[in-house]
Amino acid sequence: MTTPQGRRQLRPTDVKRLNRDWRRRTDSRLGLLTESVTQPFNMGSIIRSAAAFGVERLWLAGNATPPTHRNVAKTALGTERLLEWEHAGTAAEAAATVRKQGLRLVAVELTADAVPLHEAPLDGDVCLAVGSEDHGCSPALLAACDAVTYIPQVGRVGSFNVAVAAALALAEARRREWAAG
């Protein structure tokens, strides 16, 4: 069976060129704060997505597993070396650090005042925040945020895995920027 013209997988040099074109369309600063994400697989997945979407810095709060943990590399696949990160203390301390960098802080969490992701204030320089696998964002982190957003879903599942939620939110932040440009 023949494939339609142009529907071949890109070679590595073509992928680099494609990514470079998208980087040229990207001006906004994007950060990510992870609070008490403890599973190395989740942290590795979050790091890989953060690197793919050009996250400027990853802030860890609480007992989040650091990118240097040996099992993080299994899913980060080397992308942990592409991402600047720091452990910023408690959720409140991390939020203060984010603000000092001039970023607005938007949590991804299911709360009564959360707005759907497609309506969230993601324009300009923003830092997204996700919480632990079991309990999500702490009350202290939610209190320190400028806004809260949730990811609409129609299935019979209560929520997304934290790594998936982070990837979806990062993708939406960049999509909005690219659509506006």
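Quick notes
- Two-site label geometry, Val164 and Glu56: point separation in nm, points 7 Å out along Cα→Cβ: 3.1 nm
- Here the dipole of the chain is about 1120 debye; that uses its Cα centre as origin and unit charges on the Cβ of Lys and Arg (positive) and Asp and Glu (negative).
- Signed unit charges on C-beta, dipole axis of region 31-112, positive-most listed residue Ala64, Ala52, Ala112: Ala52
- Residues in region 150-178 that a label on Thr38 would reach, taking backbone N under 19 Å of a point 7 Å out along Cα→Cβ: 161-164
- Apolar share of the accessible surface for region 4-144: 51 percent from carbon plus sulfur atoms, 1.4 Å probe.
- Taken as Cα centroids, region 33-93 and region 96-159 sit 17 Å apart, rounded to the nearest whole angstrom.
- Paramagnetic label zone (point 7 Å from Cα along Cα-to-C-beta, Ala180; backbone N under 12 Å) in region 123-147: 123-126
- Counted residue by residue at 0.36 nm each, then reduced by the alpha carbon distance between them, the extension gain from Thr13 to Glu93 reaches 24.6 nm.
- A crude spin-label estimate for the pair Arg25 and Glu86, with each label 7 Å from Cα along the Cβ direction, gives 3.2 nm.
- Angle between the chain longest axis and helix 12-24 axis [Cα atoms, degrees, rounded to 10]: 50 degrees
- For the chain, the solvent-accessible area of protein heavy atoms averages 57 Å² per residue (probe radius 1.4 Å; ligands and nucleic acids excluded).
- For region 68-165: rounded, prolate or oblate by the Cα gyration tensor [a/c cutoff 1.5]: oblate
- Helix 162-180 vs. the chain, principal-axis angle (Cα, 0 to 90°, nearest 10): 60 degrees
- If you look at the Cα atoms of region 1-115, you get an Rg and a Dmax of 17.2, 58 Å.
The values are calculated or read from the model by the stated rules, or taken from the named source; none is laboratory data. What you see is a predicted model, and the numbers here were worked out from it, not measured in a lab. With ideal geometry, Cβ positions are generated from the backbone for all residues, glycine too; neighbour counts draw on all protein chains shown. Please note that ligands, DNA and RNA were not included when accessible areas were found on the heavy atoms of the full protein model with its side chains. Shrake-Rupley method; radii C 1.70, N 1.55, O 1.52, S 1.80 Å.
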